[in-house]
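The next block holds one structure in the form of structure tokens; read it before the comments.
The values are calculated or read from the model by the stated rules, or taken from the named source; none is laboratory data. Because the structure is a prediction, the values reported are computed rather than measured. For neighbour counting, all protein chains shown are included, and Cβ atoms are generated from backbone atoms with ideal geometry for every residue, glycine included. Quick note on the areas: whole protein, heavy atoms, side chains included, nothing else; ligands and nucleic acids left out. Shrake-Rupley method; radii C 1.70, N 1.55, O 1.52, S 1.80 Å.
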Amino acid sequence: MVEQLPQQLVNGLTLGGLYALLALGYSMVYGVLRLLNFAHGDVFMVGAFVGHGVLALFLAENGGSAEAAPMLPPWAIIAAMLLAAMLVSGLLGVVIELVAYRPLRAAPRLSPLLGSLGVSFFLQNVVLLIASARPRAIATEQVLSPSTGLNFGGAQLAPVRLLVILAALALMLALHALVQRTRFGRVMRAVAVDRDAAAMVGVDVDRVIVGTFFLGSALAGAAGVLMGLAFNRVWHLMGFTAGLKGFTAAVLGGIGSMPGAMVGGLVLGLAESFATGFISPTYKDLVAFALLILVLLLRPAGLLGRTTRPKV
Amino acid sequence: MDRWMDRSGRGSRGVAQFRMQVALVVSTVLLLAACGASESSTGTSESAPALRTSVKIGIIAPITGEATTVGTPQLNFARLAVEQFNAVHGTNIELVETDTELDAARAATLTQRLVEDPAVYAIIGPSGSQEVAAALPVGAEAGIAMISPSATRPDLSEQGYNHFFRVVPRDDVQGPTLATFIADELGANKVWIIDDQSSYGTGLADVVDQLLQSWNVVVVRESVGQDVTDFSALVTRMRADAPDVVFIPWQLAANGAQLARQMDEQDVAATLFGGDGMLTEEFIADAAGATEGAYATFFAPDTTMIEAAAPVLAAYREQYGEIGPFGPPAYVATMVALEAIERAARSGELSRASVLAEVAATEQPNSLLGIPVAFDARGDIEGATFFLFQVRDGQFVPVS
């Protein structure tokens, strides 16, 4: 049993990285708007499709193989996939905010929530109509060697997993730096603490919200590409499950808290992998959600969340 | 106030509204009555040379969605069969195409829709065992023949229905074939069986499980849903357990390919063995070489090796492209239905009941699958066996 541990750690970190990226988007949007954006998972899905499209484009130009006459080295292709997906997803997030959430900003909280569900279904069906229900395969082996990779004390760290873990880490660090060290980050934190007070001191709240949506959605797009590369498949419903897991991770870590989202994602990914490995794959979701309930019972605001009491 | 209220309390505007509503109801009733009358007048008066009036057969298959590599060849072969039959007999039989996306509830709804069209005399499909289970009661009510080209779960023909037929053998034949090969030819001592929580998958897994255990092979049983795309944690567990063979009676070949990939990634040495769901292009194409050497059983032989099948296959290739193994049984099923309709029409009475009787009485000495077609009392095809294939050099190769 124990010999599984290193490999399950690798599996868990891969999943955890993906969940953390998704959870960050949920937490960021919740932080500034107090809104649970259920369309977030589908923005992730769109990002994955964009990544697939970019890869298909490069492979088609090379006659189906990245080795035939490489226009760009594989790492550049992957970078192109990530950048394109992040850009498209980010813009999609901004458009969704403008069209679906901004008009409802003064409405009761339930309205934008239902709106986000509507956007989610809309996106799923648009992609279904364009791409059909057939899952699209991502030929990862064309840009990343499918070899078993490095061996860490019993764990096989394949190149694609290394990519997912490192890319997720890099993006999280970049986001952290952006939020903590830049002016925009400071303004974002201000809006998250108290939107009206921030407006009163001259912060352009609308711009901050747009920026937040762009960042969160761009992360989701990146997660989509990474998931597509790791698990070789994109399909129009992948946003549903992934979004649910990301949302769970965000709540687990403390919704609204960014470190919380990262921790929550990691914990969820590891819990799922360990549950599958040491108990049984049929209990994977049971364990994950039981963990969520347990954490919320003990710490209602999540692992790193803070219960804010309105100060009068 | 009197202006607003007459004695009925509705007011003058209200009275006008009420009259409108009555008029609407009456006209709707008259319209429905007219429709009903016209439908019944065209429904049952077909007789001997009646193949000139509208005769249709329906096909229910997972044309789009995850099982499209099953449903699309089935659809195309059915189309080809109808085309060729019409050309030979000078008829104009139409194929009504419906898509389940491998959803059982939808299969039942589509059966209902086909049954409501009185011009539909037989149904090809559904394809998946769970779809058949949902659709059979609906078809039973209408007494319409349903011929499945791919559902293999044994209990589908054990429910006492007389309208269900299949041109493929059942899993209680596939199970022993598989289990014998795994235990004897591959000499496995420890086997992992992972089912996909579908009606077909768990059924076949149970059969193989019981047989292997009765032969003292160690069996570890696992289960994953069809929507799981990441098997890494499961594969890690598998690697720690070191089985000789991993048996996956799954419906979705893409999942099988993904499992193979991840088994390769983690260096798991076990031989992968699939059921008939694995015999599609995806199992090889999506796996980037990871499925090399894997086995799969299938309910039809390699039709490219049957000489008599060559002209039909050539016609298919010209029109539709590559031949998927799920296609030829659909051709056979469609031909059975068409021939039955023709015999029923010739005997003077074309109705769903007579077509059903003719299907049950089918006796074709040969077919595209190289075997004669006759159904036993439960609707299963007589004498069919399962065939074994192995992936060699990126192709499925028959193994004896």
Pop a pseudo-label 7 angstrom from the Cα along the beta-carbon direction at both A:Arg181 and A:Leu286 and give the gap in nm to one decimal. 4.7 nm
Can you bin segment A:216-312 into rounded, prolate or oblate? Criterion: square roots of the alpha carbon gyration tensor eigenvalues sorted a ≥ b ≥ c, rounded for a/c under 1.5, prolate for a/b above b/c, oblate for the rest. oblate
Segment B:180-252-segment B:347-370 distance, computed between alpha-carbon centres (Å): 39 Å
Quick check: the angle from helix B:11-43's long axis to the longest principal axis of chain B, C-alpha only, nearest 10 degrees? 60 degrees
Over the alpha-carbon set of segment A:113-244, divide Rg by the Kirkwood Rh and report the Rg/Rh ratio to two decimals. 1.08
Tilt of helix B:199-214 relative to the longest C-alpha principal axis of chain B, in degrees (0 to 90, nearest 10)? 30 degrees
Any chance you could run the full-extension gain for A:Ser111 through A:Leu98? It's 0.36 nm times the residue separation minus the Cα-Cα distance, nm to one decimal. 3.2 nm
Calculated FRET efficiency, A:Ser147 and B:Glu94, Cβ-Cβ r, R0 60 Å, to nearest 0.05? 0.65
Values of log10 I(q)/I(0), in the order q = 0.09, 0.14 Å⁻¹, for chain B under a Debye, Cα-only, solvent-free model: -0.58, -1.16
Could you list, bin by bin from short to long, the percent of Cα-Cα pairs of segment B:359-400 in 5 Å steps? 6, 20, 20, 16, 12, 11, 10, 4, 1
Just to confirm the number: angle between the C-alpha axis of helix A:205-231 and the first principal axis of chain A, 0 to 90 degrees, nearest 10? 20 degrees
Cα convex hull volume per residue for chain A (Å³): 143 Å³
Evaluate peptide A:131-138: per residue, the Cβ atoms of other protein chains within 10 Å of its Cβ; return the mean as an integer. 5
Sites A:Ile130 and B:Gln226 - FRET efficiency at Förster radius 35 Å, r taken between beta-carbons, to 0.05: 0.90
Percent of accessible area on chain B owned by carbon and sulfur, 1.4 Å probe? 53 percent
Beyond 13 Å, what share of the Cα-Cα pairs of segment A:183-250 is found? Please give it as a whole percent. 70 percent
Counting every Cα pair in segment B:55-113, what percent are over 16 Å apart? 46 percent
For chain B, what is the mean residue ellipticity at 222 nm derived from helices alone (per DSSP H run of n ≥ 4: -39500 (n - 2.57); sum divided by total residues; nearest 500 deg cm²/dmol)? -14000 deg cm²/dmol
Take the Cα radius of gyration of segment A:83-133 and divide it by 2.2 N^0.38 Å, with N its residue count; two decimals is plenty. 1.29
Identify which of A:Pro74, A:Pro108, A:Pro159 has the largest mean-square fluctuation in a Gaussian network model of chain A, with springs joining Cα atoms closer than 10 Å. A:Pro108
Restricting things to alpha carbons, find the Rg to Rh ratio for segment A:1-127 using the Kirkwood radius for Rh. 1.10
With unit charges on the beta carbons (Lys and Arg positive, Asp and Glu negative) and the dipole taken about the Cα centre of segment B:255-323, which residue among B:Gln258, B:Tyr295, B:Met305 sits farthest to the positive side? B:Met305
Quote the charge dipole size of segment B:246-291 about the Cα centre in Debye, to the nearest 20; the model charges only the Cβ of Lys and Arg (+1) and of Asp and Glu (-1). 100 debye
Quick check for you: with a 1.4 Å probe and neighbouring chains kept, what is the accessible area per residue of chain B, in Å²? 42 Å²
Between B:Ala361 and B:Glu307, what is the FRET efficiency for a Förster distance of 35 Å, r being their Cβ-Cβ separation, to the nearest 0.05? 0.80
Segment B:310-366: translational diffusion in µm²/s, Stokes-Einstein, Kirkwood Rh over Cα pairs, 10 °C, 1.306 mPa s: 125 µm²/s
If I model a spin label as a point 7 Å beyond the Cα along the Cα-Cβ vector, how far apart are those points for A:Leu87 and B:Leu24 in nm? 5.4 nm
Got a sec? Charge dipole of the protein assembly as shown, +1 on Cβ for Lys and Arg, -1 for Asp and Glu; which of B:Ala384, B:Leu24, B:Gly128 is way out at the positive end? B:Leu24
Just to be sure I understand: with springs between alpha-carbon atoms less than 10 Å apart, which residue in A:Phe240, A:Phe214, A:Phe58 has the highest mean-square fluctuation in the Gaussian network model of chain A? A:Phe58
Paired Rg and Dmax values of the protein assembly as shown, which use every Cα atom, in angstrom: 29.7, 97
Dipole magnitude of the protein assembly as shown, debye to nearest 20 (Cβ charges: Lys/Arg +1, Asp/Glu -1, about Cα centre): 4080 debye
In vacuum, with every alpha carbon of segment B:249-370 counted as one equal point scatterer, what does the Debye formula give for log10 I(q)/I(0) at q = 0.12 Å⁻¹? Two decimals, please. -0.61
Considering only C-alpha atoms, what is the centroid distance from segment A:95-133 to segment B:298-325, in Å? 47 Å
Under a 1.4 Å probe, counting only protein heavy atoms, A:Ser257 has an accessible area in Å², nearest 10, of 10 Å²
With all pairs of different alpha carbon atoms counted, what Kirkwood hydrodynamic radius in Å does segment B:137-211 show? 13.9 Å
For the pair B:Ser54 and B:Asn86, how long in nm is the line joining their label points, each one 7 Å along Cα→Cβ? 1.4 nm
Highest-MSF residue in chain B out of B:Phe85, B:Phe299, B:Phe77 [GNM, Cα springs under 10 Å]: B:Phe85
